[in-house]
Amino acid sequence: MGCDEFYEEMMDRYFDNELTAEEIKNFREHLMACDSCSASFRSYKKAISFQKTKSSFTSSMIGKDKFIKKIRRKKALPMQIAVGFAAITLSFFGTKAYMDFKNIDMRYRMIVDKSVEMMVSSASSEKPVLKGINTASAERENETEKIIKLVNDEE
């Protein structure tokens, strides 16, 4: 038996248990006589046994559970990012709206306070009833203009 015949025909048939008793005898004799074929046979046998070991491996339930949890976490990640972004956005705009409302409220309180102050001062500075009609209406227009300027931030 030559090395070519050993590689091409015999080795795979040997591992598949397809050789006859006579062929097995010739196969073993060639292995003992040829160092190169013997080395190839050993490495081929190791590869096959490694492949069988690897394919027969079954993982434990703990390993499967960890793997499934990792997959679920990766699937949930986009949703977690979206919820986080929405929460940050809502808190930002909520805080801004609160601050704007607070500023507007302070501005209207100031306008009302100044308006009341101007009315009180004009009422206390009114002269006796003999005051002219034109003067009284001019003062009221002047007070009205002051209030309008205050509202329009012209102070």
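The values are calculated or read from the model by the stated rules, or taken from the named source; none is laboratory data. None of these values were measured; they are calculated from a predicted model. Quick reminder, even Gly has a Cβ in these numbers, built from the backbone with ideal geometry, and neighbours come from all protein chains shown.
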Q. Out of (1) surrounded by fewer than 10 Cβ atoms within 10 Å (Cβ to Cβ); (2) at pLDDT 75 or above, the odd one out for T58 is which?
A. (2)
Q. Restricted to segment 1-35, and to residues that are under 58 Å from the mean Cα position of the chain (by Cα) and hydroxyl-bearing (S, T, Y), which residue is surrounded by the most Cβ atoms within 10 Å (Cβ to Cβ)?
A. Y14
Q: Please identify the pairs in which a residue from segment 12-37 that is under 15 Å from G2 (Cβ atoms) has its Cβ atom under 6 Å from the Cβ atom of a residue that is of a type in the set (G, A, S) and modelled with pLDDT of 85 or more, counting only partners at least 6 apart or on another chain.
A: L31/S38
